[in-house]
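Heads up: the structure comes next, in structure tokens.
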Amino acid sequence: MTDDLGFDVPLTRPVRRVVSLVPSLTEAVAATAPGVLVGATDWCTHPGGLDVARVRGTKNPDVDAVVGLAPDLVVVNEEENRVPDLDALRSAGVAVWVTRIRTLDEAFTSLERLFAEACGFGVPAWLDDARAAWDDVRPLADRPVPAVVPVWRKPWMVVGRDTFAGDVLERLGVRNVYAAHADRYPRIPIDELGECGAELVVLPDEPYRFTADDGPEAFAPVPSALVSGRHLTWYGPSLVEAPDVLARQLAAAFR
């Protein structure tokens with residue numbers, strides 16, 4: 001069996017112990033097969049009260065600790081996790097499943113393969129609910145709203161080409177003005193951002209925590225929408241409510 005990148009994943013026994021090195025996948029595993037998750041990163045905040053071993057961060061996992069948990073499978077993402085760490089896990093004999101998710105459709109396909117095919121859990125009900133929720137999405141306006149989507153400050157970085165967040169926003173009727181940029185997360189000077197033609201600024205609360213007092217002032221008088229980073233960038237059970245949550249938060253910018 002191969003993962004999203006085409007790597008062979010040697011699953012020699014039923015998946016009963018899983019370590020997740022991605023917050024959204026941690027939530028997805030916990031919602032799909034309670035009890036199989038035995039390890040997660042320090043950044044894995046959902047579901048609340050998660051009682052599993054912590055193995056540091058997505059970019060600096062404690063490889064020895066992960067191996068020590070004797071997982072049947074470690075789930076990771078090609079964007080969030082580092083190749084040397086994944087190679088180290090494989091060298092230790094650990095099965096690693098790499099997800100590649102840059103669009104909503106890729107999320108649905110990748111998660112179904114992970115849970116139904118690799119793990120043998122079947123298609124989770126929440127995944128069917130998420131598909132249905134996004135099938136009913138309608139754009140916020142009669143025409144796409146050009147927007148800029150900062151994800152960091154000092155230096156300013158924005159969502160560029162080929163990103164999950166960009167695809168989510170496009171489905172809601174928001175056009176990322178940097179969608180054709182050569183970089184996926186380009187650094188753009190603030191004066192250039194102010195002249196990019198955006199009619200909306202989308203400010204998520206992660207990875208940089210933009211707030212009403214930190215972010216909107218840099219773009220005034222262009223309206224800003226403060227949105228949930230979990231609903232904008234996570235691929236898991238949050239996808240069920242993401243269309244409604246994000247639509248409300250985006251619409252609030254124009255009131």
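Nothing in this text is a laboratory measurement; each read-out follows from the coordinates by a stated rule. Note that this is a predicted model, so its numbers are computed, not measured. A quick note on method: Cβ atoms are made from the backbone with ideal geometry, for glycine too, and the neighbour counts reach across all protein chains shown.
Extension gain, THR109 to THR45: 0.36 nm times the residue separation minus the Cα-Cα distance gives 20.6 nm. You can think of it this way: the chain between VAL123 and HIS181 has 17.3 nm of extra reach, that is 0.36 nm per residue less the Cα-Cα gap.
Under 19 Å from a label point set 7 Å out along the Cα-to-Cβ vector of ARG138, the amide N atoms of the range 161-182 belong to 169-175. 3J(HN,Hα) couplings calculated from phi for the range 104-121 with the Karplus curve 6.51 cos²θ - 1.76 cosθ + 1.60 (θ = phi - 60°) are, in sequence order, 5, 5, 4, 4, 4, 5, 5, 5, 5, 5, 4, 7, 7, 8, 6, 8, x, 8 Hz; Gly and Pro show x.
Answer rounded, prolate or oblate for the range 85-167, using the Cα gyration tensor with square roots of eigenvalues a ≥ b ≥ c: rounded when a/c is under 1.5, else prolate when a/b is larger than b/c, else oblate. Write down the numbers at each step before the final one.
Values: a/c = 3.85, a/b = 1.31, b/c = 2.94.
Oblate is the answer for the range 85-167, as a/c is 1.5 or above yet b/c matches or exceeds a/b.
Trypsin sites (Lys or Arg not before Pro) within the range 1-75: which are DSSP loop residues with at most 12 other Cβ atoms inside 10 Å? List each step's numbers first, then the result.
Details: sites: ARG16, ARG17, ARG54, ARG56, LYS59; in loops: ARG16, ARG17, LYS59.
The qualifying sites are LYS59.
With a cut-off of 8 Å between alpha carbons and a minimum separation of six or more residues, what is the relative contact order of the range 143-249 in percent? Relative contact order here is 26 percent. Each residue of the range 26-43 was assigned a 3J(HN,Hα) from its phi angle through the Karplus curve 6.51 cos²θ - 1.76 cosθ + 1.60 (θ = phi - 60°); the sequence is 4, 4, 5, 5, 4, 7, 8, 9, x, x, 8, 6, 10, x, 7, 7, 5, 8 Hz, with glycine and proline shown as x. Here the range 46-136 is described by how far its Cα atoms reach on the three principal axes: 44, 28, 23 Å, from widest to narrowest. Averaging sequence separations of C-alpha pairs under 8 Å and six or more residues apart, then dividing by the length of the chain, give the relative contact order as a whole percent. That works out to 16 percent. A dipole drawn for the range 124-232 from +1 and -1 charges on Cβ atoms has a positive end, and of VAL202, LEU169, VAL159 the residue lying farthest that way is VAL159. Placing a pseudo-label 7 Å from each Cα along the Cα-to-Cβ vector at VAL9 and GLU206 gives an inter-label distance of 2.2 nm.
If you sort the three axes of the alpha carbon gyration tensor as a ≥ b ≥ c, you get a/c under 1.5 for the range 157-209, which makes it rounded. Once backbone amide H atoms are built at 1.01 Å from N, ASP42 has VAL55, ARG56, GLY57 as its partners under 5 Å, excluding neighbours fewer than 5 places away on the same chain. Amide H contacts under 5 Å for VAL145: VAL174, ARG175, restricted to partners 5 or more places along the chain or on a different chain, H placed in the peptide plane at 1.01 Å from N. Distances between placed amide hydrogens fall under 5 Å for ARG184 paired with ARG161, all partners being 5 or more residues away or on another chain.
Here the range 13-168 is assigned +1 on the Cβ of each Lys and Arg and -1 on the Cβ of each Asp and Glu. Its dipole about the Cα centre then comes out at about 400 debye.
Can you tell me the FRET efficiency between ALA92 and LYS59 if r is taken as the Cβ-Cβ distance and R0 is 25 Å, rounded to the nearest 0.05? Numbers along the way, then the final one.
Working: r = 19 Å, r/R0 = 0.75.
E between ALA92 and LYS59, to the nearest 0.05, is 0.85.
Evaluate Rg over Rh across the range 78-126, taking Cα atoms for both radii and Kirkwood's formula for Rh.
Numbers: Rg = 12.6 Å, Rh = 12.1 Å.
So for the range 78-126, dividing Rg by the Kirkwood Rh gives 1.04.
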